[in-house]
Amino acid sequence: MNQTAIGVLLNGVTGRMGYRQHLLRSVLAIREQGGVELPDGTRVQLEPILAGRNAAKLKELADRHGLTAWTTDVDSALDDVRIYFDAQLTSAREPSVRKAIAAGKHVYAEKPLADTLPAALELAGLARDAGICHGVVHDKLFLPGLRKLRRLVDGGFFGRVLSVRGEFGYWVFEGDWQEAQRPSWNYRAEDGGGIVLDMFCHWNYVLENLFGAVRAVTAKATTHIPRRWDEQGEPYAATADDAAYGIFELESGAIAQINSSWSTRVFRDELVEFQVDGTEGSAVAGLRRCRVQHRSATPKPVWNPDLPATEPFREQWQEVPDNAEFDNGFKAQWEEFVRDVVAGRQHRYDFFSAARGLQLAEAGLTSSAEGRRIELKPLT
């Protein structure tokens with residue numbers, strides 16, 4: 001039976017990520033192009049219903065983009081869709097996802113999937129048993145820079161990967177004399193905030209899919225800026241970590257070191273960069289660019305603190321060509337999820353992948369609190 005339209009309930013679209021990346025740059029962009037193209041050349045259009053708690057904001061968004069369907073009654077709206085998407089606060093996500101699963105809807109969600117690992121595993125089990133298609137946002141794997149990095153891995157460019165070094169972050173203003181670029185709940189642990197809970201879930205799927213599963217972590221999380229100002233200009237105590245420094249031991253034997261911070265000023269080409277060093281070559285990948293240096297073209301620098309360095313180190317690397325057109329990463333994964341729903345197959349980045357990300361985040365927080373290395377056991 002050919003399908004021409006799929007109803008999608010978008011919960012949490014009044015938030016920054018829910019609106020910019022998922023509604024505007026994904027769902028609306030897909031509608032503008034005529035739907036999701038299927039392997040046989042036909043297209044499936046998305047029919048969104050905007051959902052949230054603030055009726056005025058929802059109506060304004062709907063009017064702005066020529067949409068008519070919006071609601072604050074999420075439970076009732078489930079009857080009118082096949083896909084439920086959740087971009088709410090982490091603390092509100094679990095009960096909403098649970099209801100969508102019980103209603104037999106395919107579920108796509110932002111991460112983290114839940115507040116705790118047991119809760120995430122329970123949701124994964126419920127989704128599996130319900131036979132629905134379930135997925136969690138893994139947007140960074142769809143970035144041009146990391147897709148080029150994937151190409152290098154698949155082509156055997158690195159030989160044996162020795163190490164991965166990642167730098168992520170930027171300065172998020174405190175909110176007093178300049179408006180903060182991130183919502184205040186990100187800095188309150190009681191609301192599900194914290195950079196470990198946010199970014200370690202990302203780092204888990206990046207490392208897992210490119211270089212191998214994480215088997216142990218040693219981390220230090222801290223709150224560098226203890227006082228911030230909220231959206232109403234009121235001061236509040238930042239109870240969540242705003243920086244984390246992690247060492248991740250991979251099953252391949254490679255070591256990854258990743259710094260994540262909302263309290264750092266950028267002195268690199270992109271907001272996130274990964275340097276991968278292998279026996280045969282190295283690469284530096286960011287959001288869009290990827291540069292390489294093969295062993296046969298590696299210079300022989302000599303450390304001499306008495307003389308200034310004159311080698312043009314950055315010029316000694318070669319740019320990896322695009323060789324393809326790269327769409328918005330969030331939109332690309334939305335299209336993949338919709339195709340999986342239509343085909344009746346499981347999404348490759350499912351709730352179990354989300355649970356493994358949450359496992360790493362919890363292990364990182366435990367490592368920081370107890371000052372020790374934490375081994376990760378395979379989830380069952």
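The values are calculated or read from the model by the stated rules, or taken from the named source; none is laboratory data. Note that this is a predicted model, so its numbers are computed, not measured. Cβ atoms come from the backbone with ideal geometry, glycine included; neighbour counts cover every protein chain shown.
From the list 91, 76, which residue is in the same structural domain as residue 109 (by TED's automatic domain parsing), surrounded by fewer than 20 Cβ atoms within 10 Å (Cβ to Cβ), touching a residue at least 60 places away in the same chain (Cβ under 8 Å) and among the hydroxyl-bearing types (Ser, Thr, Tyr)?
On the way: 76 fails: touching a residue at least 60 places away in the same chain (Cβ under 8 Å).
Selected residue: 91, the only one of 91, 76 that is in the same structural domain as residue 109 (by TED's automatic domain parsing), surrounded by fewer than 20 Cβ atoms within 10 Å (Cβ to Cβ), touching a residue at least 60 places away in the same chain (Cβ under 8 Å) and among the hydroxyl-bearing types (Ser, Thr, Tyr).
Tell me the residue from 284, 341, 320, 276 that is in contact with a Cys (Cβ under 6 Å, 6 or more places away or on another chain), surrounded by 14 or more Cβ atoms within 10 Å (Cβ to Cβ) and in the same structural domain as residue 206 (by TED's automatic domain parsing), please. Let's see the steps before the verdict.
Details: 284 fails: in contact with a Cys (Cβ under 6 Å, 6 or more places away or on another chain); 341 fails: in the same structural domain as residue 206 (by TED's automatic domain parsing); 276 fails: in contact with a Cys (Cβ under 6 Å, 6 or more places away or on another chain).
Going through 284, 341, 320, 276 in turn, just one is in contact with a Cys (Cβ under 6 Å, 6 or more places away or on another chain), surrounded by 14 or more Cβ atoms within 10 Å (Cβ to Cβ) and in the same structural domain as residue 206 (by TED's automatic domain parsing): 320.
Looking only at the stretch 153-171, count how many residues are charged (D, E, K, R) and surrounded by 19 or more Cβ atoms within 10 Å (Cβ to Cβ). Please lay out each step first, then the result.
Initially, the stretch 153-171 is screened for residues charged (D, E, K, R), giving 154, 160, 165, 167.
Narrowing the set further to residues that are surrounded by 19 or more Cβ atoms within 10 Å (Cβ to Cβ) leaves 167.
The number of residues fulfilling the criteria is 1.
Name every residue in the stretch 115-134 that is crowded, with 19+ Cβ neighbours inside 10 Å and over 21 Å from the mean Cα position of the chain (by Cα), in order of residue number.
Result: 132, single match.
Between 121, 149, which is modelled with pLDDT of 95 or more and either within 21 Å of residue 335 (Cβ to Cβ) or outside the structural domain of residue 46 (by TED's automatic domain parsing) (or both)?
After ruling out the rest, the residue left standing is 149.
Could you check, for the stretch 215-230, whether at least one of its residues is farther than 30 Å from residue 150 by Cβ, touching an Asp or Glu at 6+ places or on another chain (Cβ under 9 Å) and basic (Lys, Arg)?
yes
Can you find, within the stretch 203-226, the residue that is nearest to residue 367 (Cα to Cα) among those that are in contact with a strand residue (DSSP E or B) (Cβ under 6 Å, 6 or more places away or on another chain), hydrophobic (A, V, I, L, M, F, W, C) and in contact (Cβ under 8 Å) with a residue 60 or more places away in the chain?
219
Based on this model, can you work out whether residue 98 counts as assigned to a helix (DSSP H, G or I), more than 20 Å from residue 335 (Cα to Cα) and under 17 Å from the mean Cα position of the chain (by Cα)?
Working: assigned to a helix (DSSP H, G or I): yes; more than 20 Å from residue 335 (Cα to Cα): yes; under 17 Å from the mean Cα position of the chain (by Cα): no.
No.
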